Amino acid sequence: MPFKKADPNIVQFARKVRLDMDANAAGRLDGQSKICNWLWNRLKDQVEARLTELFLMKWLPIDDEATTKKLLSEVYSEIGLRNLVPVLKDRHPFLRCVHSSPLKNVALRMAKAITAHRKSKNGERAGPDVGWIKYKAWAKQWMSLEYDEPNKGWDVSEFGWLKLSFGTDCDGKRLSLKVRMIKPPKHITQAHTCRIVREGKDRYYAAFTFKKQKKAERPLPRVAYIDPNLKNFGYALDTEGKAFEIQNLQKLPEVERTLDSLRAKRDRCQRKSLWVDHVHADGTRSTHWRPSRKWTKLDRVITRLEIKVREQRKHFQYSLANQLFRHYDVVGIGDYVPENTDHGKGRKYNRAVRNRSMHGSFKDVLKWMATRSGKRAVVLDETGTTRICHVCNHVVEGGIHPSIREWNCPQCGTHHVRDENASQNGLRRLLEFLRAGADIPKLPCLGPVQIIGRCDWRFHPQGWQGTPNGGANVNSMRLPEYRQRCVGRGSLPGGDSRAPETMRRFA
Ligand SMILES: [Zn+2]
């Protein structure tokens with residue numbers, strides 16, 4: 001059951017696997033999804049009819065406790081709403097050609113949406129207001145098929161294949177579909193639930209959930225702090241003194257620019273034009289408003305590209321979080337959000353910065369990954385970390401302009417690399433925070449740390465690669481003496497089997 005109280009020692013995570021579909025299989029899945037969508041809309045009618053009935057009973061007034069109770073449960077409880085499905089099944093036999101699990105989950109999803117709406121109305125739920133349930137248009141959004149019980153209606157025992165059961169046809173024969181999965185994870189047979197989703201017009205996925213026991217924490221935690229910034233994704237420093245600059249996604253700005261120009265092109269096209277659909281025998285015409293052919297075509301390209309960008313960003317964030325927790329027990333990150341102000345490079349640039357920066361969502365990913373791997377993510381207030389000298393705590397009045405990458409402390413004369421000084425301060429703050437929390441018995445140090453090596457972390461679709469700091473990095477270009485020390489030891493801390501060569505160096 002999806003709403004059982006979670007065991008704190010067990011973490012859940014999901015894996016999405018692409019399905020290799022032909023037109024026939026796609027059509028059959030679409031059919032299933034359409035029926036679920038239809039059920040959603042009918043259930044909404046049912047719920048609203050009951051609400052009207054309740055309203056009338058209150059005002060007439062009719063005092064029938066049993067009926068009131070029944071109606072209330074059918075609107076506001078999961079079980080009550082779910083029990084409306086069999087009644088509908090009897091009335092509309094075609095519902096039987098969908099497996100009972102996805103049908104039941106349509107009702108459960110609606111129950112959840114109604115609860116969210118009620119709680120939001122009563123102020124029991126934080127966040128934006130949740131409106132009343134709406135009719136769903138299948139053409140706009142594909143209704144996902146949820147199989148929430150292990151191996152009930154779905155079967156992955158034959159590796160690489162997913163066998164889905166549907167309902168029964170008019171002769172009572174069980175319908176099913178067997179599709180090949182593209183690169184399923186090795187532990188696929190341990191999956192608990194399965195959900196079929198479609199993205200765009202033709203990409204079908206099965207999302208599996210898994211359960212995993214949390215790992216016990218190490219006695220001496222490995223701690224790292226990331227100072228997020230705009231130029232790169234962030235500058236990180238760990239308690240062992242390894243510093244690494246995390247590079248942003250490389251190709252993304254180009255794709256974003258392409259997207260911008262495509263959107264502009266699309267918006268210049270006719271959004272609404274009158275189409276003649278059919279000329280009748282008597283000469284009258286049926287007409288229909290719809291976007292022009294060019295608009296539709298551009299829109300399709302844009303949607304496809306948007307999905308691609310979204311997936312790439314997600315991949316970047318998840319693999320970064322994964323990589324971080326492979327090496328560290330605690331990862332802290334500054335609460336930096338790109339300011340909604342003028343960056344001095346024009347209106348387009350300002351907007352782009354706001355849109356492209358991934359720091360907001362990355363914090364959520366990091367937290368989620370921490371729970372999943374039994375580790376810890378901390379978001380820290382980073383005000384003032386840049387302007388304070390980490391050696392003598394001198395505060396530079398008025399801050400340091402973003403264009404200044406290196407500076408000398410006016411009080412103690414220490415030469416600082418801007419981002420490195422900021423992450424020294426951040427790391428110290430993080431360690432102080434951990435000590436105050438007292439739930440971690442022993443810390444390796446309380447910062448600042450002696451830097452022993454610097455490198456760049458670069459994202460590649462196959463995994464992260466660490467390269468000695470230099471080359472593309474503007475900071476280090478001005479630091480020949482650091483580059484010298486760094487060559488030969490710059491790599492991802494701890495070593496990584498996935499990225500060749502550069503990984504073996506740190507030890
Ligand atoms: Zn100083």
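The values are calculated or read from the model by the stated rules, or taken from the named source; none is laboratory data. The structure displayed is predicted, hence computed values, not measured ones. Here the Cβ is made from the backbone with ideal geometry for all residues, glycine too, and neighbour counts use every protein chain on show. Accessible surface areas use protein heavy atoms only, side chains included; no ligands, DNA or RNA. Shrake-Rupley method; radii C 1.70, N 1.55, O 1.52, S 1.80 Å.
Numbers for the structure displayed
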{"item": "Label-point separation in nm, Glu53 to Arg435, each point 7 Å along Cα→Cβ", "result": "6.6 nm"}
{"item": "Cα-based shape type of region 133-188, given that a ≥ b ≥ c are square roots of the gyration tensor eigenvalues and the cut on a/c is 1.5", "result": "oblate"}
{"item": "Pairwise label distance in nanometres, Arg313 with Ser286, each label 7 Å out on the Cα-Cβ vector", "result": "4.1 nm"}
{"item": "Region 10-213, accessible surface, carbon-and-sulfur percent (1.4 angstrom probe)", "result": "52 percent"}
{"item": "Anisotropy class of region 194-257 from Cα gyration tensor, a/c 1.5 cut", "result": "oblate"}
{"item": "Gyration tensor (alpha-carbon) shape descriptor, region 256-297, a/c threshold 1.5", "result": "prolate"}
{"item": "Extension gain, Cys170 back to Lys201 (0.36 nm per residue minus Cα-Cα distance, nm)", "result": "8.2 nm"}
{"item": "Sequence ranges 89-102, 276-289, ranked by mean other-Cβ count within 10 angstrom, highest first", "result": "89-102, 276-289"}
{"item": "Per residue, in Å², the accessible surface of region 256-297 once ligands and nucleic acids are set aside, probe 1.4 Å", "result": "82 Å²"}
{"item": "Hits among lysines - C-alpha to C-alpha of Lys134 under 21 Å, sequence gap 8 or more where chains match", "result": "Lys34, Lys44, Lys104, Lys112, Lys119, Lys121"}
{"item": "Mean Cβ neighbour count within 10 Å, used as a protection proxy, ranking 251-257, 24-30 highest first", "result": "24-30, 251-257"}
